[in-house]
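Input: a single structure, listed below in structure tokens.
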Amino acid sequence: MLKKMSYSSFPEDVLEHVFSFVQSDKDRNAISLVCKFWFQVERRCRKRIFVGNCYAVSPRMVTRRFPDVRSVELKGKPHFADFNLVPEGWGGYVYPWIAEMASGYPLLEEIRLKRMVVSDESLELIAKSFKNFKVLVLSSCEGFSTQGLAAIAANCRNLRELDLRESEVEDRSGNWLSLFPETYTSLVSLNIACLGSEVSISALERLLGRCPNLRTLLLNHAVPLDKLANLLRQAPQLVELGTGAYSADMRTDIFSNLAGAFSGCMELKSLSGFWDVVPAYLPAFYSICTGLTSLNLSYATIQCPHIIELLSFCPNLQRLWVLDYIEDGGLEALATSCKDLRELRVFPSEPYGAEPNVSLTEQGLVSVSEGCPKLESVLYFCRRMSNDALVTIARNRPNMTRFRLCIIEPRTPDYLTEQPLDVGFGAIVEHCKDLRRLSLSGLLTDRVFEYIGTYAKKLEMLSVAFAGESDLGLHHVLSGCDSLRKLEIRDCPFGDKALLANAAKLETMRSLWMSSCLVSFEACKLLGQKMPRLNVEVIVDERQPPDLRPENFPVEKLYIYRTVAGPRLDMPGFVWNMDEDSALRLSRKGFRTI
Amino acid sequence: MEGLVTYENDDHNLKATELRLGLPGIDEADDDHEQAVSTARTSKRSSPDTADDCVTESKSDEAAPVSKAQIVGWPPIRSYRKNTLQPKKTEVEAPGIYVKVSMDGAPYLRKIDLKVYKGYPELLKALENMFNFTIGEYSEREGFKGSEYAPTYEDKDGDWMLVGDVPWDMFMSSCKRLRIMKGSEARGLGCGV
């Protein structure tokens with residue numbers, strides 16, 4: 001027998017106390033691997049769980065291992081679902097999780113979901129199962145209506161956060177917001193920006209009036225500008241505000257009322273909303289701009305001069321989301337005004353136009369990379385790029401951690417040399433040693449993947465579209481990127497060889513998505529059968545099922561993820577798990593999850 | 001290309017089961033057949049030497065690129081963003097919904113663009129102006145009371161319906177033509193059909 005180590009003679013509650021100072025999942029996981037005793041102590045006192053892929057583990061496995069969880073975060077559909085690449089009905093239902101947690105975690109306080117299907121029944125179950133429920137964040141979710149929200153409002157006495165960011169909510173009308181009882185005062189954060197329907201302004205005003213701790217309020221488009229001033233006066237302590245529609249006829253009384261209300265909000269750090277902006281109303285909030293660290297103008301169709309003027313009042317800005325109306329000139333001004341900028345996102349105002357409608361080029365991004373020493377996160381839509389520009393950006397900003405470039409036309413070469421952009425992106429991965437996230441675009445050969453495999457050692461997420469020439473490209477990435485967790489690929493000539501040669505790598509990653517590539521049905525079957533801890537799911541076109549076509553015909557969509565839960569039980573008819581044989585598939589009934 | 005890919009740790013003997021694209025019996029080095037198997041939409045090979053050719057080639061291969069929206073999910077923009085921007089564009093560029101309008105007793109027909117109107121009141125007013133007559137007041141029970149005219153339309157099924165019964169959007173998508181009925185025929189339509 002092994003000699004008992006001295007550290008395990010600590011009583012359990014001492015260990016638990018020590019562990020309570022360790023919050024990160026990675027560290028808690030490491031603790032649980034030290035020895036069986038530590039595993040047991042750790043699992044009994046872990047309070048927060050993050051499940052990056054809801055199908056990687058079953059709800060039962062989670063509640064069995066961690067009996068005292070207070071906060072759960074789950075993610076469902078693959079990222080490319082955001083761009084309509086995942087068909088309706090694919091999965092990601094949260095109900096089985098809620099059902100399991102209703103009995104397993106009666107003291108649950110927080111639920112955070114991303115890209116999941118959340119039904120009204122799920123929300124009703126949450127509302128009645130967790131007496132101390134405090135935080136509900138539904139990010140890019142769908143499947144629920146204002147009826148589900150009504151259940152939450154009416155029943156969750158201790159609710160602090162209700163955040164519906166970017167979810168799709170069906171309007172079943174009824175006045176759900178008014179269902180917060182008069183005795184309810186604990187609201188800290190409310191994000192209803194995604195709601196298409198109107199909410200009662202008077203109910204909102206009363207809610208604000210009795211919730212002194214409200215810090216975040218993101219209104220929806222339906223809240224008119226002339227109501228905003230009153231709302232602000234009810235909540236001058238706000239730190240984060242999303243306006244509703246930001247337009248009204250130009251009237252001095254509305255303007256001065258609004259300006260007065262804004263000047264009372266001295267804690268404001270973040271502004272967003274600004275649908276239908278009337279530029280004349282922008283100065284209404286100039287008085288609080290020095291405190292702003294985050295500004296989201298990505299719905300504001302205002303032109304460059306107005307943007308430049310606004311930015312000149314925001315010297316402490318750290319995050320800017322904006323439309324490409326800002327143009328190169330505006331980005332140059334940004335580089336001068338906002339030296340503390342950390343994150344920039346530039347969205348296209350006319351993404352489907354054949355010709356550029358604004359003067360925004362690679363130059364704008366270069367200016368910002370030069371002028372803003374703390375810039376580390378970029379999302380940039382543009383129509384042209386050069387290797388020189390990318391190399392300059394890389395040299396300027398070795399501290400870059402997230403770099404997503406979208407050149408709108410697929411396979412666009414360097415506009416100066418007509419060469420692929422391999423060298424440019426190569427410079428990015430070579431210089432930016434802490435790069436965690438990268439999205440590629442433009443004309444790219446296998447070369448760029450060689451650079452990525454060689455240099456991008458900290459890269460966790462890679463998005464690839466219309467790039468590469470052969471399996472070698474994929475092989476470089478899978479064999480070289482040591483930290484890779486998520487890989488999503490569309491329309492690239494990557495096929496069986498690289499995938500099969502790197503099968504083991506797939507178990508070290510969360511997931512791999514490949515669509516419109518050259519992976520054959522046969523290879524998928526092989527992978528599915530050889531790798532029991534992977535779910536190899538093929539999304540088929542039911543009119544032309546892959547098993548009736550030649551076996552080397554490429555599958556249209558492939559999603560591979562590691563799991564300890566085996567094949568999932570809720571696959572729709574158009575999702576095939578390659579571990580099943582066809583007889584089993586035909587007999588499997590759709591598992592109806594609410 | 002083949003020689004460059006090595007199978008490290010080939011415990012599963014993957015090389016033996018290695019799959020090739022292309023029909024059996026064809027030389028692996030025959031790249032053209034790889035192209036034949038893939039769909040037109042998947043990417044073409046683009047080596048640096050032929051970069052120019054590839055770019056122009058792929059452009060001409062695509063169906064007339066009238067709108068970028070032909071590629072699903074590209075550029076990668078969330079749909080809620082598209083919704084806030086697109087309305088401004090489609091209003092200007094999308095074709096109108098033109099329908100013929102006939103008036104009983106009038107010598108010739110007219111044509112109107114339904115998209116121009118935001119709802120029934122505007123449409124009816126426009127018709128009144130166009131043909132110089134008055135439509136009565138609409139009620140669900142009695143149709144248009146107070147005049148000898150009734151605005152009707154032919155729907156997708158070929159039936160003649162009274163204007164105003166269904167929501168405006170539904171009307172816009174199902175209306176094929178309009179007819180302003182007059183006299184006894186009009187009154188007949190108003191009586192509990």
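The values are calculated or read from the model by the stated rules, or taken from the named source; none is laboratory data. Every value quoted in this text rests on a predicted model; they were computed, and no experiment measured them. Counting neighbours? That spans all protein chains shown, and the Cβs are built from the backbone with ideal geometry, glycine included. Accessible surface is based on the protein model in full, side chains and every heavy atom, while ligands, DNA and RNA are left aside. Shrake-Rupley method; radii C 1.70, N 1.55, O 1.52, S 1.80 Å.
Numbers at a glance
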item: Sequence-distant residues sharing a close amide H with residue B:181 (under 5 Å, placed H); result: B:150, B:152
item: Percent carbon-and-sulfur accessible area, the range A:249-318, ignoring ligands, DNA and RNA, probe 1.4 Å; result: 55 percent
item: Rounded to whole Hz, the Karplus (6.51, -1.76, 1.60) HN-Hα couplings of the range A:439-451, x for glycine and proline; result: 10, 9, 7, x, 6, 9, 9, 5, 4, 4, 6, 5, 4
item: B/A buried area, accessible surface, summed, 1.4 Å probe, Å²; result: 5200 Å²
item: For the range A:381-442, average projected area of the Cα convex hull in nm²; result: 3.5 nm²
item: Unit Cα scatterers, Debye sum, the range B:92-152: log10 I(q)/I(0) for q = 0.17, 0.26, 0.27 Å⁻¹; result: -0.64, -1.22, -1.27
item: Accessible area, probe 1.4 Å, largest first, for residues A:580, A:409, A:267; result: A:267, A:409, A:580
item: Cβ-defined net charge surrounding residue A:113, 9 Å radius [Lys, Arg +1; Asp, Glu -1]; result: +3
item: Within the accessible area of the range A:44-83 (1.4 Å probe), percent carbon and sulfur; result: 50 percent
item: HN-Hα J in Hz across the range A:161-166 - Karplus 6.51, -1.76, 1.60, θ = phi - 60°, x for Gly and Pro; result: 10, 10, 10, 9, 3, 6
item: At least 20 Å² accessible surface lost relative to isolated chain, residues of the range A:495-521 (1.4 Å probe); result: A:496, A:497, A:500, A:501, A:516, A:518
item: Nitroxide proxy distance, nm - points 7 Å out along Cα→Cβ at residue A:278 and residue B:106; result: 3.8 nm
item: Protein-protein interface of the range A:550-567, residues with accessible area decrease of at least 10 Å², isolated chain reference, 1.4 Å probe; result: A:552, A:553, A:554, A:556
item: Exceeding the 29 Å Cα-Cα cut-off - candidates A:75/A:134; A:75/A:128; A:433/B:82; A:128/A:269; B:111/B:145; A:36/A:525; result: A:433/B:82; A:128/A:269; A:36/A:525
item: Å² per residue, accessible surface of the range A:492-557 at 1.4 Å; result: 35 Å²
item: Fraction of accessible area attributable to carbon and sulfur, the range A:405-466 (%, probe 1.4 Å); result: 49 percent
item: Accessible surface ranking that places the most exposed of A:12, A:362, A:88, A:332 first, with a 1.4 angstrom probe; result: A:88, A:332, A:12, A:362
item: Projected label distance in nm at residue B:141 and residue B:120, using a 7 Å step from Cα toward the beta-carbon; result: 1.6 nm
item: Cα-based Rg / Dmax (Å) for the range B:110-193; result: 11.9, 31
item: Length gained when the stretch residue A:354-residue A:251 is fully extended (0.36 nm per residue, less Cα-Cα span); result: 33.2 nm
item: Averaged over A:84-93, number of beta-carbon atoms from partner chains that fall within 10 Å; result: 1
item: Length released on extending from residue A:312 to residue A:68, taking residue separation times 0.36 nm less the Cα-Cα span; result: 82.8 nm
item: For the range A:418-530, alpha-carbon Rg relative to the globular expectation (2.2 N^0.38 Å, N residues); result: 1.00
item: Heavy atoms of residue A:496: accessible area, 1.4 Å probe, square angstrom to 10; result: 10 Å²
item: Förster radius 22 Å - calculated FRET efficiency between residue A:483 and residue A:20, Cβ distance, rounded to 0.05; result: 0.20
item: Cα-Cα P(r), the range A:139-219, percent of pairs per 5 Å interval; result: 3, 16, 28, 30, 17, 6, 0
item: Sum of -39500 (n - 2.57) over DSSP H runs of 4+, divided by residues of chain A (222 nm, nearest 500); result: -9000 deg cm²/dmol
item: Span per principal axis, largest first, for the Cα atoms of the protein assembly as shown (Å); result: 100, 69, 62
item: Residue A:157 versus residue A:202: modelled label distance in nm, points set 7 Å from Cα along the beta carbon direction; result: 2.8 nm
item: Accessible area (Å², 1.4 Å probe, nearest 10) - residue A:286; result: 40 Å²
item: FRET efficiency for residue A:237 and residue B:148, using Cβ-Cβ distance with R0 set to 60 Å, rounded to 0.05; result: 0.40
item: Residue order for A:139, A:202 - accessible surface, 1.4 angstrom probe, largest first; result: A:202, A:139
